[in-house]
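The next block holds one structure in the form of structure tokens; read it before the comments.
What follows is calculated from the coordinates using simple rules that are stated; it is not laboratory data. Since we're looking at a predicted model, the values are computed, not measured. Note that each Cβ is placed from the backbone with ideal geometry, even for glycine, and that neighbours are counted across all protein chains shown.
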Amino acid sequence: MSTMHQPPHTNAEPTPPSTAPPTGDPHEPDGPPTPGDPHEPGGRHNPHSRRRNDSPESGAPLPAVSAPDEGAGEAASAPTGAARTFAPASPRDRPSAADPPASAGASGPPEGPDPPAAQHAPRSLPAPPPLSADVTGLLLLVACASWVVYCSAGRDARPEDPLIALLAATAGFAVGRIAGAVRPAAAPAAAGLALAVLAALAAFVPALTGSALAPDAVPAPAVRPSIAASPPTAALSALAVALLCLAALRADRWAARRALFLVALLTTAQLALTAGLSPGTIAAVGTVLVCAAGVRARHRLGGILLLGTLGAAIAAGALLTARQGLLPAWHPAYAQLAAHPLRGLGPGLLDSPTAVPALLRAGAQLGLPGLLLLGAAYVWGQYALLLAPAPAPQALTGAAALTFLAVEAATADALTTPLVAAATGLLLGLTTARPEPPPAAPR
């Protein structure tokens, strides 16, 4: 039997060029789009599209088909006469909700997700540091130093004593600001313990600290071996109590808080036993009471105004007492203030056989402007505590210590040594310091 050439057209059904089911939308025009066709879903180029070689039988190019994706092999292996099933489009061919529409073009919105609505909501920011109080304090410091130099001009005065006191207060304030930011609880605890030990040494071993803490008006041999004979030492002990109370309020652990508060109570008891009912004892007891009563305080404005008014009233009462001559030891200093109201006698030129309160001493040596500058320093301290970032109990404790220090200055010679000035500046610096935020946790 001879083999004959089959004609090109027979009754047998020709085999389709590809059994792979078409992908995409069945409602698309006949024939899948060519690569780069703008009618392709998503308007993007399909990297799986390719064009087959021309058929040798028909001589015409075959349409481009897409590469079969997952699950297409099962459809390809189905019989020829079976109904065709359309496989889902490849994930890369599906239009995504994040893709911009084809009509957006280059003029569409910028890429990237929109900011959440929470970012536009108002946030509670921390209170700024009291820069106004710092600037005011700096101007006040310059005014005090300038007035001391002016009052000393043309006189045989000793301006180094008040200038050293101003420098010590400034240094103490700066050290307190830095230490309070780095170690909010450890810094006041260490300072309070150091001052408490120094006060104890002044009480029991006066030969070691008597010359450093004795008032200038009283000769060193006349100082009795007791803390009550030295008002600066009593003021130092009261400041130690205030620092210990501040450290107790800032401590994190319950045992540390109780231990620091117990040391403050012991220091107060030691001062009361050795000095009796003195201005220093009243200052220490008042600071402890304010600290204990203001532990749960939420606001500071009313308390600071009350304490500031109390200190100003006692200072005014001391001046009125000296004017009326109710205390003969204070009247000579007030007489010098009345005789030289502008420039005073000059720093270090007040000759008094008895101790004179620091308030009257400043008025007699620096005149009425010097007295006003001292009062302005007290007001500035209360104002700085009002704006301090510390919680209300800590600010009230510092305000109480400053108030009772003003009471000591109005009734005793408690501000005659640079050590007391440095301790006062240290207390203000620690109370108004802004602690550093904790380091952020690594992601």
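Summary table below
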quantity: Cβ-based exposure ranking for ARG296, ARG434, in which fewest neighbours within 10 Å come first; calculated: ARG296, ARG434
quantity: Label point distance in nm, LEU310-TYR150, each placed 7 Å from Cα along Cα→Cβ; calculated: 3.5
quantity: Quotient of Cα Rg and 2.2 N^0.38 Å for region 131-431, N being how many residues it contains; calculated: 0.95
quantity: Calculated from backbone phi, Karplus (6.51, -1.76, 1.60) coupling profile of region 392-402 in Hz, x at Gly/Pro; calculated: 4, x, 5, 5, 5, 5, x, 5, 5, 4, 5
quantity: Per-residue HN-Hα couplings for region 259-270 [Karplus 6.51, -1.76, 1.60; θ = phi - 60°; Hz; x = Gly/Pro]; calculated: 5, 5, 5, 5, 5, 5, 5, 5, 5, 5, 5, 5
quantity: Along each principal axis, Cα extent of region 265-400, largest first, Å; calculated: 49, 36, 25
quantity: Cα convex hull of region 158-199 - mean projected area over all directions, nm²; calculated: 3.4
quantity: Modelled label reach - SER132, point 7 Å along Cα→Cβ, region 283-308 residues with backbone N closer than 18 Å; calculated: 300-302, 304-305
quantity: ASP161 paired with ARG323, simple spin-label distance in nm, labels 7 Å along Cα-to-beta-carbon; calculated: 2.6
quantity: Estimated vicinal HN-Hα couplings, Hz - region 359-367 in sequence order (Karplus 6.51, -1.76, 1.60; Gly, Pro = x); calculated: 5, 5, 4, 5, x, 5, 8, 10, x
quantity: Cα-based Rg and Dmax for region 336-443, where Dmax is the largest Cα-Cα distance (Å); calculated: 18.1, 72
quantity: Rg(Cα)/(2.2 N^0.38 Å) for region 334-387, N = residue count; calculated: 1.27
quantity: Region 131-431, relative contact order in percent, only Cα pairs under 8 angstrom and at least six apart counted; calculated: 32
